[in-house]
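See structure below.
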Amino acid sequence: MNYKKIYAIKQERENRIAKACPGIPNTSGIYVFHRVDEVGIRRAYCGQALRLRERCAQHLGEYDHIGRSLYKHKFYSEDNPYGWQLSYITCPKDELDEKEIANIKSWADAGWQLYNISSGGQGKGKVVDNAKPPKGYYDGLAQGRKNLARELKSIIDKHLLVMLKPDKAANKTSQKMLDKFWDLLNTDESES
């Protein structure tokens, strides 16, 4: 690993946060990314951090719902009126859960559509909505297989005739392979 490069990337992201929100400290507190989109929908994401500037910078490198939106819409500027803005409040570490929950509730009560998938806090009683669990690498592979099977089955049904070679028609191994082929194509239907 090239630690100098990793540190330089981290520092560049922190500089972008400092430029978007001058004066943001690296102390504990609550942060809120917020924007108003092109059709007037107000969107926000509220979080807590032990080191505000560092945590906000981490979002710039993550590939989750808020990270992707930050990448797509960038930060607010005169040239980008629909970009994200960043607000924060500092508070002691022992008040983070309480303040995060209160901030999420106040932004929601004010009519903001929140990206948060929980009601906040890190402790006991954390309420998570019924969002789908995040998909992983192997889930993507499985979905790719289903899509391929569906597409192949459609092509075969419409345009092709699949059968054993005449010299292999009596071969039990070849017959098993043909059955396996059809099972692979029909896997998508049996799992639906």
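The values are calculated or read from the model by the stated rules, or taken from the named source; none is laboratory data. For clarity, every value in this text was computed on a predicted model and none was experimentally measured. Cβ placement follows ideal geometry from the backbone for every residue including glycine, while neighbour counts extend to all protein chains displayed.
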**Report entry** Pair list, Cβ < 9 Å and 6+ apart or interchain, from the range 1-28 residues that are in a helix (DSSP H, G or I) to residues that are β-branched (V, I, T) and modelled with pLDDT of 90 or more
**Finding:** I17/I24; A18/I24
Query raised in the report: Quick check: anything in the range 39-49 modelled with pLDDT of 90 or more, closer than 21 Å to Y115 by Cβ and more than 21 Å from the chain's Cα centre (by Cα)?
Result: yes
Query raised in the report: Out of Y82, Y88, which single residue is touching an Asp or Glu at 6+ places or on another chain (Cβ under 8 Å), aromatic (F, W, Y) and touching a residue at least 12 places away in the same chain (Cβ under 8 Å)?
Result: Y82
Report summary line: Those residues of the range 21-48 which are of a type in the set (A, V, I, L, M) and under 24 Å from G120 (Cα atoms) amount to I24, I30, V32, V36, I41, A44
Query raised in the report: Inside the range 92-109, can you point out the residues that are in contact (Cβ under 8 Å) with a residue 40 or more places away in the chain and either under 16 Å from F33 (Cβ atoms) or buried (at least 17 other Cβ atoms within 10 Å of the Cβ) (or both)?
Result: L96, D97, K99, E100, N103, I104, W107
Query - Yes/no for K105 being touching a strand residue (DSSP E or B) at 6+ places or on another chain (Cβ under 8 Å) and of a type in the set (D, E, K, R) - result: no
Report summary line: Those residues of the range 1-31 which are in contact with a Gly (Cβ under 8 Å, 6 or more places away or on another chain), surrounded by fewer than 21 Cβ atoms within 10 Å (Cβ to Cβ) and of a type in the set (A, V, I, L, M, F, W, C) amount to I9
Report summary line: Within the range 143-182, residues under 30 Å from D64 (Cβ atoms), surrounded by 13 or more Cβ atoms within 10 Å (Cβ to Cβ) and among the small types (G, A, S) come out as A149
Query raised in the report: How many residues are among the charged types (D, E, K, R) and within 16 Å of the chain's Cα centre (by Cα) if we restrict to the range 50-108?
Result: 4
Query raised in the report: Does R55 satisfy the criteria of being assigned by TED's automatic domain parsing to the domain that holds S106, under 16 Å from R68 (Cα atoms) and surrounded by fewer than 20 Cβ atoms within 10 Å (Cβ to Cβ)?
Result: yes
